[in-house]
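Colleague: Can you keep this structure in mind? I'll have questions shortly.
The values are calculated or read from the model by the stated rules, or taken from the named source; none is laboratory data. Here the structure is a predicted model, which means the values were calculated and not measured. Every residue, glycine among them, receives a Cβ derived from its backbone with ideal geometry; neighbour counts consider all protein chains shown.
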Amino acid sequence: MTISATPRMRSGALAAAVAAILLGGVQSSPVQAASSFPDYPLQSGAGTVPPNILFMLDNSGSMADSFMPVPGLAAMTDVSLASAKAFNSLAYDPSVTYSPWDTTDTSGSATTVPGGTTYGAVYLDDTQATTTGSIGGNARSVFYVLRNTSAPATATSYDRYRIDSSGTVQKASVTSVNTDGTLSIAAMAQGAYTDYSVSLPGNTGSSASVYLTPVGTWSGDADMYVTWNGSTPTTSNYQCVSAGDTATEKCDLNYYGAVTLKVRVYAYSATQALQLQVKSTRFGTETAAVPSTRSNANEVTNIATWYSFHRTRMKVAKAGASRAFIGLGSGFRVGYDTINADNGTPNTTMRYPIPVGTNSARFEGANKVAWFTRLQAQSAGGGTPLRSALKRAGVYYQTAEPWTDGTGTAEQACRASYTLLSTDGFWNSDSGFSIGGDIDGDGAADTLADVAKYFWQTDLRTSLDNLVPTTTKDTANWQHMGLFGVSIGQQGTLPVTSTPPTTWPNPTLIEDARRIDDLWHASVNARGAFIVASQADEYAKALKSALDNIKEQVASGSNLTANGNSLNSGSQIFQAMFTSRLWSGDIKAFDISAGGIAVTPDWSLATQANDPSTNFASRPVMTWYNGAGATFDTTHVATPSQFARTGTPAVTAADNIAYIKGNRSLEIQNGGTLRDRRSPVGDIVNSSPFYQRETGMMFIGANDGMLHGVDSDTGNVLFSYVPAGIDVPSLASLSDPYYYHHFFVDGQMDVSTLAQGSNRNILVSGLGRGGKGVFALDVTGVKTNGFLASNVLWDKTGVADNDMGYVLGQPLVRLGNNGSSLAIVGNGVESTNGKAVLYIYVLSSTGAITSTLKFDTLIAGGNGMSEPRAADTDGNGTVDTIYAGDLKGNLWKIDVSNSSTSRWGFAFASSNGNNGTPLPMFTALDPSGVAQPITGAVALAREPGSARIFVNFGTGKLLSQSDVVTQSSVEQTQTLYGLIDEGNRITSYTDLQQRSIAYVGVDSAGRTARSFEAYSVLPSGKRGWYLNLATNAQSYARGERVVTAPLIRGRATWVSSIIPNLAEGCANTGKGFLNVLDVFTGTNPETGSFIDVNGNGHGDDKISVSGTQPSDGNGFVSSIDLGVAMPGQPVQIGDTVAVGGSNARTGSVRKTGSGDRPQRLNWREIINRQ
């Protein structure tokens, strides 16, 4: 199940880098979103059971520090410039545009913390946005910038900048470094101290360093405390302290005017002789200048904003956390805790747990306001008891509360739970701590890694089923705690790589950098991630990455496709899938043989796109511009500026279009600022792969804004097309690290054979949930000849048409009786007029549209025409009849058998033939008389012997969240139909024979299975049959429905039914059945079953009901839950019938020969998939 975050309403400076580790022409006006379906895929259960996130902030005393050493950088040889970015990652950086903290207003909407952006009223407090004062004319605004590209080894390579009392930025070069004083200190006993003072010159805005080093071979521990405000330094009064575990100490400081520097050297343990040295900088003449291209006023504002919101470790943490969490919404439940209580002592209970008592704890409204208020009011003080803090989080997750939606509500077994732990130091301050020893077996006991391992491997709620969704990284399905660790600036002893080490340093020996390794180790043990972040953007990146990874799930909403019906050495099936939250897509090709479907794919579209040798980003990408095909670039889009983004992360239109086309050089993981992708192929949700044998190609729509043409032999994308009707602002946001999912090219397609397309392979596709209308491409010979702008035939997705809706079904390209190829399209859902309309585009020999015919049913009110099917009843290769259903349960028949298009029309009308009010062939009603929606296509068959035409279909829909089954919903009964078309309407259910599900039990493999009623021919005079699917009283399949077309082979009709109980707590991917019955009787076949369950080739496997098989001669298995969640449309290859499921798995059965009576028919349904 995936959880959708709310759209990001604003973009700030630090959000740019936030997604690395933890997913005319093109229209210039926004495309109106559909109301029938959400922006997230229903197959992944988005919006149902939000995960828990406990954000745990380090509030130890060091978080108030304004210095964070740059990892791996050697010290300067003369004096350290504490306010130079090269040495202090918290120092002012003129290349960065700083922003105030993100926060919420009283309603929970995004805004920023007010104030703090003028130099005379910055926030002086080291942790909060409080206590205003000026940074003009004092040392607070001093910073240093490297003057040239030489290595920053000496202070004289730098220029000093400061704001003077008038608000002007002044620049002066560092000219020299002077030694202002030295002192030799004799050996001291433990607890003794030595004081020293030295006068530093009044060179306005200076820097100094105080060095303490041992003399000779050293033992002992000395600490250094420094003031320059006139007070005497002590262990509790200081402006700078250096208190490591040795006697090598250093303090770096900025001062303003002449000062007296006072130093106290304190013997933490007995010491030997020491040397104290003080050095300070000298400067040249000041001139008014800024270190960037900003104006003086803008530079001063930027410096003030840095000082107020970014200059200390705590402020950086708040800036990054605010930026990462502001984009979250009701799809998450967020708590807040700190490693210490505010008085600096360890916490014993959770401070602000998941707020289950308010709005089910969803991160919106009052809950979001409270979280930001607590974060931004946080102070600092105390030690670093990380182990106790993490244990406290795990113990909290062992209680029932975080698994519920509030008092008295049920625990949700599929709720995922995580802790995001950030710290700036090495764990300490929890003497006597224990988690039970060496949990992870690495030889070190009671480490942070042991805590993480314990709460990951332990089933925290043994009373609940193990239903927590798994990811590629975290395969645990029991209730457990995941962990994402962030080290604020501190590096461990090991380089952080994607592959963790096999041996970890022991962090229990001494308080040093090995304890940062331990935080990484803990993140690995809990199947999370770890990053070192020293700036707000890096911190935000780490948190956002963690949030992105929290709800990764692989799913599928499309159907399997095969490269042929016959089983041979090259037989393959193709399955599309997507990974939620990361919003990446893939198609995998699996070999299929008599032994079944291969486990390892022959190729993967995503893998090929990631392979530099395939040159994915350099392939031809076309679009529609000024009435013709054109290269997709800044010169061939209606409004190029819509692809540019001036907010952070800023991106030019050219770079953004390159990103959309697949260039990955500007992704965060490659040093840029744009959203990271697992592969450049976007998520493939509802679009199904279409294989076309004549072209040797496969075609697929993806939510990266493109239809892709894929070499079916290799998986290489040979070309792509960006339709005109794409929502440009949403497409441009693909590169935003806070990207919120949108549908773009999500529809089905058809590609004509050369015979049906006037000697062309013409592709026609809709956008599905991505937009209204259809487009056409000429894909003849593209594997050899390439894809050019001239291959784009026409595009109706950017054209205003009140009768055209979101085309969710497959269009058809067929040869008509008028001698022209026809593109046949059901108008889909949510047209402006709300009617069901069939479109027929009449095409010229070049594929251009010569005329557009509309067949309007006149039935409106939220209606829409579903996927059409065409029949060639006289066998001459042209379409004679078209069948299609609509959302109001009507089955329509359109007669196109005449050579003149003026004689084409509805087969039935109220009067005057085609000029009367159209009437449906049949209207599907549930047992209460309510219309049953028809959203899938029909299938057609002619009965051997009688030559009667049967129209086979099922009813039901899955378009919106309201269509899913909930615990309290009352579900409409849906039905399977087999209707005989005898040339007149069916107006009464008394004309149909009702069939039934005879038994429900399990098959010999232990799977839920059913048996339809025993074979019997239709009684004389009956016009067909119907079979009601599960009702509200049948809880095992309540809400069962059919949303895809049946597959008819011989007498067998194979049809998938689904039960989309996505919103029912943790049944997040639904379930369903692969059903098969005799299409001409609506029963089991005359002998046995069409399914060979036990592999003996006979189809004699029977249902077991409560351990007993039926004794009435029936009960043969004819309906199976294959364990693939909601199955898609079946495909048959040889004797294998396969389906793809919404959990991205495949299932298959072997078919028997029951009822397969080969016979040469004198008609056919025209199918172009081969």
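Colleague: Out of (1) more than 21 Å from PHE719 (Cα to Cα); (2) surrounded by 24 or more Cβ atoms within 10 Å (Cβ to Cβ); (3) within 33 Å of the chain's Cα centre (by Cα), the odd one out for ALA823 is which?
Modeller: (3)
Colleague: Considering only segment 1046-1136, give the strands (runs of 3 or more DSSP E) lying wholly within it that have at least 3 residues that are among the hydrophobic types (A, V, I, L, M, F, W, C).
Modeller: Details: elements: 1047-1049, 1052-1059, 1071-1078, 1131-1133.
In segment 1046-1136, the matching strands (runs of 3 or more DSSP E) lie at 1052-1059, 1071-1078.
Colleague: Another question about this same structure. Which residue pairs have Cβ atoms closer than 7 Å, lie 6 or more positions apart in sequence or on different chains, and pair a first residue in segment 978-994 that is outside the structural domain of ASN1028 (by TED's automatic domain parsing) with a second residue that is assigned to a strand (DSSP E or B) and exposed (fewer than 13 other Cβ atoms within 10 Å of the Cβ)?
Modeller: none
Colleague: Identify the single condition in (1) assigned to a strand (DSSP E or B); (2) among the β-branched types (Val, Ile, Thr); (3) closer than 30 Å to TYR92 by Cα that THR232 does not satisfy, given that it satisfies every other one.
Modeller: All conditions pass for THR232, except number (1).
Colleague: Determine whether segment 680-693 contains at least one residue that is in contact with a helix residue (DSSP H, G or I) (Cβ under 6 Å, 6 or more places away or on another chain) and surrounded by fewer than 21 Cβ atoms within 10 Å (Cβ to Cβ). Steps first, please.
Modeller: Looking only at segment 680-693, we keep the residues that are in contact with a helix residue (DSSP H, G or I) (Cβ under 6 Å, 6 or more places away or on another chain), and these are 680-681, 686.
Among the residues that remain, those that are also surrounded by fewer than 21 Cβ atoms within 10 Å (Cβ to Cβ) are: none.
No, the conditions are met nowhere in segment 680-693.
Colleague: Here's a check for you: in segment 509-527, which residue that is small (Gly, Ala, Ser) and over 9 Å from GLY492 (Cα atoms) is surrounded by the fewest Cβ atoms within 10 Å (Cβ to Cβ)?
Modeller: As a first pass, look at segment 509-527 and keep what is small (Gly, Ala, Ser): 513, 522-523, 526.
Next cut, over 9 Å from GLY492 (Cα atoms) only: 522-523, 526.
Working: ALA522: 30, SER523: 26, ALA526: 29.
Filtering segment 509-527 for residues that are small (Gly, Ala, Ser) and over 9 Å from GLY492 (Cα atoms), the one surrounded by the fewest Cβ atoms within 10 Å (Cβ to Cβ) comes out as SER523.
Colleague: Right, another one. Of the residues SER429, SER434, only one is over 33 Å from the mean Cα position of the chain (by Cα) and at pLDDT below 90; which?
Modeller: Numbers: SER434 fails: at pLDDT below 90.
The conditions single out SER429.
Colleague: Separate question: Tell me the residue from LEU212, LEU183 that is touching a strand residue (DSSP E or B) at 6+ places or on another chain (Cβ under 8 Å), modelled with pLDDT of 90 or more and either under 28 Å from THR248 (Cβ atoms) or assigned to a strand (DSSP E or B) (or both), please.
Modeller: Working: LEU212 fails: modelled with pLDDT of 90 or more.
When all the criteria are applied, what remains is LEU183.
Colleague: Can you name the number of the only condition in (1) within 20 Å of ARG311 (Cα to Cα); (2) not in a loop (DSSP other than H, G, I, E, B) that GLY167 fails?
Modeller: Going through (1) within 20 Å of ARG311 (Cα to Cα); (2) not in a loop (DSSP other than H, G, I, E, B) one by one, GLY167 breaks only (2).
Colleague: Exactly one of these conditions fails for THR873: (1) closer than 19 Å to LYS772 by Cα; (2) at pLDDT below 95. Give me its number.
Modeller: (1)
Colleague: Give the residues of segment 676-722 that are among the charged types (D, E, K, R) and under 18 Å from ASP778 (Cβ atoms), sorted by residue number.
Modeller: Taking segment 676-722 and keeping what is among the charged types (D, E, K, R), we get 676-678, 683, 693-694, 704, 711, 713.
Those that are among the charged types (D, E, K, R) and under 18 Å from ASP778 (Cβ atoms): ARG693, GLU694, ASP711.
Colleague: Restricting attention to segment 864-900, which residues are under 15 Å from SER821 (Cβ atoms) and outside any loop (DSSP other than H, G, I, E, B)?
Modeller: Correct list: ALA870, ASP872, VAL879, ILE882.
Colleague: From ARG415, ARG362, which residue is modelled with pLDDT under 95, farther than 19 Å from LYS318 by Cα, crowded, with 24+ Cβ neighbours inside 10 Å and within 31 Å of the chain's Cα centre (by Cα)? Walk me through it before giving the result.
Modeller: On the way: ARG362 fails: crowded, with 24+ Cβ neighbours inside 10 Å.
Just one listed residue meets the conditions, ARG415.
Colleague: Which residues, counting only those in segment 373-391, are of a type outside the set (Gly, Ala, Ser), surrounded by 23 or more Cβ atoms within 10 Å (Cβ to Cβ) and in a helix (DSSP H, G or I)?
Modeller: Once the filter is applied, which keeps residues that are of a type outside the set (Gly, Ala, Ser), surrounded by 23 or more Cβ atoms within 10 Å (Cβ to Cβ) and in a helix (DSSP H, G or I), segment 373-391 yields LEU386, ARG387, LEU390.
Colleague: Let me ask another. Could you please find all residues in segment 1082-1104 being modelled with pLDDT of 90 or more, touching a Gly at 6+ places or on another chain (Cβ under 8 Å), buried (at least 21 other Cβ atoms within 10 Å of the Cβ) and of a type outside the set (A, V, I, L, M)?
Modeller: GLY1082, PRO1085, GLY1088, SER1089, PHE1090, ASP1092, LYS1102
Colleague: Residues SER1016, SER911: which one is in a loop (DSSP other than H, G, I, E, B) and closer than 13 Å to VAL1079 by Cα?
Modeller: Going through SER1016, SER911 in turn, just one is in a loop (DSSP other than H, G, I, E, B) and closer than 13 Å to VAL1079 by Cα: SER1016.
Colleague: Would you confirm, using the coordinates I've provided, whether ARG160 is in a strand (DSSP E or B), under 22 Å from ALA297 (Cβ atoms) and either basic (Lys, Arg) or touching a helix residue (DSSP H, G or I) at 6+ places or on another chain (Cβ under 8 Å) (or both)?
Modeller: Working: in a strand (DSSP E or B): yes; under 22 Å from ALA297 (Cβ atoms): yes; either basic (Lys, Arg) or touching a helix residue (DSSP H, G or I) at 6+ places or on another chain (Cβ under 8 Å) (or both): yes.
Criteria met by ARG160.
Colleague: Out of segment 297-321, which residues are of a type outside the set (D, E, K, R), part of a helix (DSSP H, G or I) and out of contact with any Gly (no Cβ under 9 Å at 6 or more places or on another chain)?
Modeller: Within segment 297-321, the subset of a type outside the set (D, E, K, R) is 297-298, 300-310, 312, 314, 316-317, 319-321.
Going one step further and asking which of them are part of a helix (DSSP H, G or I), we end up with 297-298, 300-309, 314, 316-317, 319-321.
Passing the criteria: ASN298, THR301, ASN302, ILE303, TRP306, MET314, ALA317, ALA319, GLY320, ALA321.
Colleague: Moving on. Of all residues in segment 779-806, count the ones that are within 18 Å of ILE824 (Cβ to Cβ) and outside any loop (DSSP other than H, G, I, E, B).
Modeller: Looking only at that region, the number is 4.
Colleague: Just to be sure, is SER665 at pLDDT below 95, at negative phi and touching a Gly at 6+ places or on another chain (Cβ under 9 Å)?
Modeller: Working: at pLDDT below 95: no; at negative phi: yes; touching a Gly at 6+ places or on another chain (Cβ under 9 Å): yes.
So SER665 does not fit the description; no.
Colleague: Here's something else I'd like to know. Return the total of residues in segment 169-198 being surrounded by fewer than 18 Cβ atoms within 10 Å (Cβ to Cβ) and either touching an Asp or Glu at 6+ places or on another chain (Cβ under 7 Å) or within 19 Å of GLU286 (Cβ to Cβ) (or both).
Modeller: 4
Colleague: Related question: Give, as residue ranges, the strands (runs of 3 or more DSSP E) completely inside segment 643-746 that count at least 2 residues that are under 30 Å from PRO1127 (Cβ atoms), among the hydrophobic types (A, V, I, L, M, F, W, C) and assigned by TED's automatic domain parsing to the domain that holds PHE616.
Modeller: Values: elements: 690-692, 697-702, 706-711, 717-722.
Result: 697-702, 706-711.
Colleague: Among the residues of segment 932-967, write down those that are touching a strand residue (DSSP E or B) at 6+ places or on another chain (Cβ under 6 Å), surrounded by fewer than 21 Cβ atoms within 10 Å (Cβ to Cβ) and aliphatic (A, V, I, L, M).
Modeller: The answer is ILE949, and nothing else.
Colleague: Would you confirm whether or not segment 124-137 contains a residue that is at positive phi, of a type in the set (Val, Ile, Thr), in a loop (DSSP other than H, G, I, E, B) and in contact with an Asp or Glu (Cβ under 9 Å, 6 or more places away or on another chain)?
Modeller: Yes; the residues of segment 124-137 include at least one that is at positive phi, of a type in the set (Val, Ile, Thr), in a loop (DSSP other than H, G, I, E, B) and in contact with an Asp or Glu (Cβ under 9 Å, 6 or more places away or on another chain).
Colleague: Another question about this same structure. Anything in segment 747-764 that is out of contact with any Ser or Thr (no Cβ under 6 Å at 6 or more places or on another chain) and outside any loop (DSSP other than H, G, I, E, B)? List them, or say none.
Modeller: Listed by number, the residues that qualify are ASP750, VAL751, LEU763, VAL764.
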